[in-house]
Amino acid sequence: MRAWLVDQFGEPETMRLADVAAPEPREGEVRIRARAAAVNFFDLLLVQGKYQAKPGFPFTPGAEVAGVVDAVGPGVEWKAGDEVVALPERGCYAEMVVCPAGRVLAKPRGMSFAEAAAMPIVFQTSWFALVDRAGLRAGEWLLVHAGASGTGMSAIQIGKSLGARVIATASTEEKLAFCRAQGADHAFNYSGPEWVEEVKRVTGGGADVIYDPVGGDIFDLSTKCIAPGGRLLVIGFTSGRIPTVAANRILLKNISIVGAIWGNWCAAHPQYVSGTHRKLTELFETNRIRPVVSREYAFEDARQALRDVANRAVMGKCVLRAQE
């Protein structure tokens with residue numbers, strides 16, 4: 001089979017496409033013939049050596065894949081021909097992927113392989129953040145930063161499915177239109193600080209829940225437009241700067257700064273992924289959420305896909321398409 005390999009940390013252009021032996025599933029494992037693999041921002045960080053995990057060389061990036069079960073090891077209930085989506089730790093930029101059976105999920109009915117590959121991490125992250133960490137309630141104001149990103153897209157859709165009123169921020173008119181298409185009631189450009197006053201204006205005082213995957217200045221300004229008793233969700237730091245907050249701001253407005261790191265939670269609670277997948281599948285099957293794949297790349301174009309992700313040129317999610 002073919003797989004993309006990283007021999008040393010660097011830019012996407014340093015990856016190489018190689019012919020390698022197909023992996024054999026061991027006890028408790030499933031082998032999947034890939035039909036689509038999601039491309040994520042953390043894949044870029046992994047290739048660059050900037051991610052918290054630093055695997056040994058050579059390694060294959062990619063943590064989300066959708067395809068068809070090809071072979072199984074002993075003690076596995078999945079069978080050849082099952083259509084699935086899987087979340088191995090890495091290795092999805094390959095034509096065949098081996099994954100522990102506990103991280104393999106049924107592909108929702110009516111969902112394309114591309115959509116299935118694009119769904120798990122961002123929608124699970126947003127469900128964990130909005131439901132389990134922030135306790136978002138119907139009628140509350142939700143502010144979603146970087147609304148045209150994969151996490152932003154999922155947060156807007158889940159927020160609307162929960163009955164929240166949603167404001168999104170993004171950096172261009174095209175991305176703002178994308179946010180509105182996902183269900184955002186209002187969308188503001190956050191390239192300058194004016195969005196803070198706009199949020200306060202439309203909410204009448206501030207957002208109840210703020211979903212922030214950006215950090216940096218966006219986090220700082222968010223503390224100025226959060227409602228009393230609000231919850232500011234720390235999702236990540238794509239801006240590159242990890243912010244701090246003066247504790248008196250937390251005290252005076254009775255706000256909560258809430259961490260939401262889905263991966264660590266799943267490691268400690270292994271059944272969380274499958275339970276949340278069932279809830280998300282129901283939302284999909286009742287037309288309340290749908291992963292948006294704005295670009296599909298040929299498998300051979302993985303380097304360009306990662307470069308476009310690095311350049312913020314992708315709205316929603318993008319995937320690598322494997323040959324059928």
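Tabulated data
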quantity: Criterion: under 18 Å from V39 (Cα atoms) and out of contact with any Asp or Glu (no Cβ under 8 Å at 6 or more places or on another chain) - qualifying residue of V131, V122; calculated: V122
quantity: Complete set of residues in the stretch 161-202 that are β-branched (V, I, T) and buried (at least 24 other Cβ atoms within 10 Å of the Cβ); calculated: V166, I167, T169, V199
quantity: Selected residue (criterion: farthest from V309 (Cα to Cα)) from residues of the stretch 79-105 that are open to solvent by 30 Å² or more (accessible area, probe 1.4 Å) and touching a Phe, Trp or Tyr at 6+ places or on another chain (Cβ under 9 Å); calculated: E83
quantity: Residue count for the stretch 211-234, restricted to those that are part of a loop (DSSP other than H, G, I, E, B) and either among the small types (G, A, S) or open to solvent by 40 Å² or more (accessible area, probe 1.4 Å) (or both); calculated: 2
quantity: Residue in the stretch 145-162 that is of a type in the set (D, E, K, R) and more than 20 Å from the chain's Cα centre (by Cα) present; calculated: no
quantity: Residue that is surrounded by the most Cβ atoms within 10 Å (Cβ to Cβ) [pool: residues in the stretch 235-257 that are of a type outside the set (A, V, I, L, M, F, W, C) and assigned to a helix (DSSP H, G or I)]; calculated: R249
quantity: Residues satisfying the stated conditions in the stretch 273-293, i.e. free of Cβ contacts under 8 Å to residues at least 60 places away in the same chain and either surrounded by 14 or more Cβ atoms within 10 Å (Cβ to Cβ) or touching a Lys or Arg at 6+ places or on another chain (Cβ under 9 Å) (or both); calculated: E282
quantity: Residue that is surrounded by the fewest Cβ atoms within 10 Å (Cβ to Cβ) [pool: residues in the stretch 258-268 that are outside any helix (DSSP H, G or I) and small (G, A, S)]; calculated: G259
quantity: Pairs with Cβ under 7 Å, 6+ apart, first in the stretch 213-236 and touching a residue at least 12 places away in the same chain (Cβ under 8 Å) and within 20 Å of T125 (Cα to Cα), second open to solvent by 10 Å² or more (accessible area, probe 1.4 Å) and of a type in the set (D, E); calculated: G230/D208
quantity: Matching residues, the stretch 294-306, being open to solvent by 20 Å² or more (accessible area, probe 1.4 Å) and closer than 18 Å to C92 by Cβ; calculated: R295, E296, Y297, A298, E300, D301, R303, Q304
quantity: Qualifying strands (runs of 3 or more DSSP E) (wholly inside the stretch 60-141; at least 2 residues being of a type in the set (G, A, S)); calculated: 65-72
quantity: Tally of residues being more than 20 Å from E140 (Cβ to Cβ) and of a type in the set (K, R) across the stretch 190-224; calculated: 0
quantity: Check on I158, surrounded by 24 or more Cβ atoms within 10 Å (Cβ to Cβ), of a type outside the set (D, E) and part of a helix (DSSP H, G or I); calculated: yes
quantity: Top-ranked residue in the stretch 122-152 [being β-branched (V, I, T) and buried (at least 21 other Cβ atoms within 10 Å of the Cβ); ranked as farthest from T281 (Cα to Cα)]; calculated: V144
quantity: Matching residues, the stretch 43-78, being buried (at least 17 other Cβ atoms within 10 Å of the Cβ) and charged (D, E, K, R); calculated: D43, E64, D70
quantity: Those strands (runs of 3 or more DSSP E) lying entirely in the stretch 1-46 with at least 3 residues touching a strand residue (DSSP E or B) at 6+ places or on another chain (Cβ under 9 Å), at pLDDT 95 or above and more than 10 Å from P61 (Cα to Cα); calculated: 16-19, 29-39
quantity: Test result for M96, under 20 Å from E300 (Cα atoms) and not polar (S, T, N, Q); calculated: yes
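The values are calculated or read from the model by the stated rules, or taken from the named source; none is laboratory data. In this text the structure is predicted, and so the values were computed from the model without any measurement. Methodologically, a virtual Cβ is constructed for each residue, glycine included, from the backbone with ideal geometry; neighbour enumeration extends over all protein chains shown. Surface areas here come from the heavy atoms of the whole protein model, side chains and all, with no ligands, DNA or RNA. Shrake-Rupley method; radii C 1.70, N 1.55, O 1.52, S 1.80 Å.
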